[in-house]
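*Asks:* I have a structure I would like to understand better, so I am pasting it below and will then ask my questions one at a time.
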Amino acid sequence: MTGTRRAGLIALWLVALAVLAFGVSRALVVGNDLRSFMPPAQTADQRLLLDQIGEGPAARLLLLAISAPAPESSVALSQELAAALRGDARFSDVLNGDADLSTLDPQWLPYRYLLVPTFDRATLDADYLRSQLEQRLQDLGSPGAELLKPLLPRDPTLETLALAQRWTPAHAPALRDGVWFSPRGEALLLVQTRAAGFDPSAQSAAIDALRAAFSRLPAAGDAHLEISGPGYFGAIVSATPGGVLGGITVILYGMIGLVGAKIWVENGVDFGDPVNLVGLAGGLIAGIGGVTMTITSNLELGGIALGTILVIVYFHLVNNLGPNRTHHTTPALSHPEDGAGPGPTHRSEPDQE
């Protein structure tokens, strides 16, 4: 091959890559919903799990940490920020360690008898209810009566409180003046957004509102606010320019293909053999092109796994079921331990050398 022809082929290859990159950048849709990497739900339990991953409480939680020069400032900032966020419609729950039982989620009430083990060993009859009401009368004379009063009309047996105590972690954060603190001296808050965790635009708006509320606090100038959580990371990905993400995706998939090609070259694959070319081309496209093969309703193969299987199955079918290909066999794709050299095996016909 002459130098001019080689340069022309390289230029043609670069033009093809440029066209491909342009097409990918125009058609690429970037999402941050991690459920896309999971197999489709087939049962009601699986659908519930996927819904909870995307829109459940864990996906909508944001963890806040406030660092201030003095612990007293952190306590004040935590309390003031919690009060501000509770008045914002973007947030459904704000917790900072304050044991205000009136803030317990009222959605627990219809299910409280199903969730607690109390009635596994007792019966909710007139005698049991009378004894519970007598205990509530005694509780109203205790120092904690103000905390119980909001719950008594709705839950006289205090099953909601039993749920809250049961779900309290064994190693809860330290409490200082009713505020959670980390071992590093940061005031901690848990904030639950109304928007789904993988709704990047709504999460970005909620995070912007959270930062604005913190910046308006009187003592915020000397303090620092850190945010973490699924919604926060989703907002960061969403804020990344699409061109940058598209370029990273193109480079990533290109590197996967080049690593495979490097392995083939190092093992002496004969690219002059059309049988090898067909098998490798099919595996390469399936591996980096997102091809998916549905085998059953619960089993799918796609991507690199499908590409690898295609190459292996194709090679053995061609060599074992096809005509005699002794002069075409590539050592790297058959049995390199048979003693073949590392270089490619070429055709023996003189007219094709």
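The values are calculated or read from the model by the stated rules, or taken from the named source; none is laboratory data. Owing to the predicted nature of the structure, the values given are computational and were not obtained by experimental measurement. Cβ atoms come from the backbone with ideal geometry, glycine included; neighbour counts cover every protein chain shown.
*Asks:* Just one of the numbered conditions (1) touching a Lys or Arg at 6+ places or on another chain (Cβ under 8 Å); (2) modelled with pLDDT of 80 or more is not true of Val275; which one?
*Replies:* Val275 satisfies every listed condition except (2).
*Asks:* Among the residues of segment 279-287, is there at least one that is assigned by TED's automatic domain parsing to the domain that holds Ser67, in a helix (DSSP H, G or I) and surrounded by 13 or more Cβ atoms within 10 Å (Cβ to Cβ)? Walk me through how you get there before you give the answer.
*Replies:* Kept after step one, since they are assigned by TED's automatic domain parsing to the domain that holds Ser67, are these residues of segment 279-287: none.
No - not one qualifying residue is present in segment 279-287.
*Asks:* So which helices (runs of 4 or more DSSP H) stay within segment 74-185 end to end and still have 3 or more residues that are under 36 Å from the mean Cα position of the chain (by Cα) and modelled with pLDDT under 80?
*Replies:* In segment 74-185, the matching helices (runs of 4 or more DSSP H) lie at 159-167.
*Asks:* Then there's this: Restrict the check to segment 190-212 and report whether at least one residue is in the same structural domain as Gly87 (by TED's automatic domain parsing), part of a helix (DSSP H, G or I), over 25 Å from Ala58 (Cβ atoms) and more than 24 Å from the chain's Cα centre (by Cα). Talk me through it step by step, then tell me what you get.
*Replies:* Of segment 190-212, the ones in the same structural domain as Gly87 (by TED's automatic domain parsing) are 190-212.
If we keep only those that are part of a helix (DSSP H, G or I) too, we end up with 200-212.
Checking which are over 25 Å from Ala58 (Cβ atoms) leaves us with 212.
With the extra rule that they be more than 24 Å from the chain's Cα centre (by Cα), the set shrinks to 212.
Checked segment 190-212: at least one residue is in the same structural domain as Gly87 (by TED's automatic domain parsing), part of a helix (DSSP H, G or I), over 25 Å from Ala58 (Cβ atoms) and more than 24 Å from the chain's Cα centre (by Cα).
*Asks:* Let me ask something else. Looking only at residues that are more than 23 Å from the chain's Cα centre (by Cα) and small (Gly, Ala, Ser) in segment 287-326, which one is modelled with the highest pLDDT?
*Replies:* Pass one, segment 287-326, residues more than 23 Å from the chain's Cα centre (by Cα): 293-297, 306-326.
Subsequent filtering for residues that are small (Gly, Ala, Ser) retains 297, 307, 322.
Details: Ser297: 67, Gly307: 78, Gly322: 56.
The residue in question is Gly307.
*Asks:* Scan Arg5, Arg26, Arg35, Arg47 and give me the residue that is part of a helix (DSSP H, G or I) and modelled with pLDDT of 75 or more.
*Replies:* Numbers: Arg5 fails: modelled with pLDDT of 75 or more; Arg26 fails: modelled with pLDDT of 75 or more; Arg35 fails: modelled with pLDDT of 75 or more.
When all the criteria are applied, what remains is Arg47.
*Asks:* Consider Gly268 against the criteria (1) surrounded by 14 or more Cβ atoms within 10 Å (Cβ to Cβ); (2) outside the structural domain of Glu55 (by TED's automatic domain parsing); (3) part of a helix (DSSP H, G or I): it satisfies all of them except one. Which criterion is unmet?
*Replies:* The number of the failed condition is (3).
*Asks:* Name the residues in segment 154-205 that are over 10 Å from Gly97 (Cα atoms), surrounded by 18 or more Cβ atoms within 10 Å (Cβ to Cβ) and touching a strand residue (DSSP E or B) at 6+ places or on another chain (Cβ under 7 Å), would you?
*Replies:* Glu186, Val191, Gln192, Thr193, Gln203
Results for (1) within 30 Å of Leu77 (Cα to Cα); (2) out of contact with any Ser or Thr (no Cβ under 8 Å at 6 or more places or on another chain); (3) free of Cβ contacts under 8 Å to residues at least 60 places away in the same chain, shown as yes or no for each residue.
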{"residue": "Leu109", "(1), (2), (3)": "no, no, yes"}
{"residue": "Ala122", "(1), (2), (3)": "no, yes, yes"}
{"residue": "Ser142", "(1), (2), (3)": "no, yes, yes"}
{"residue": "Pro150", "(1), (2), (3)": "yes, no, yes"}
{"residue": "Gln165", "(1), (2), (3)": "yes, yes, yes"}
{"residue": "Val179", "(1), (2), (3)": "yes, no, no"}
{"residue": "Ser182", "(1), (2), (3)": "yes, yes, no"}
{"residue": "Ala196", "(1), (2), (3)": "yes, yes, no"}
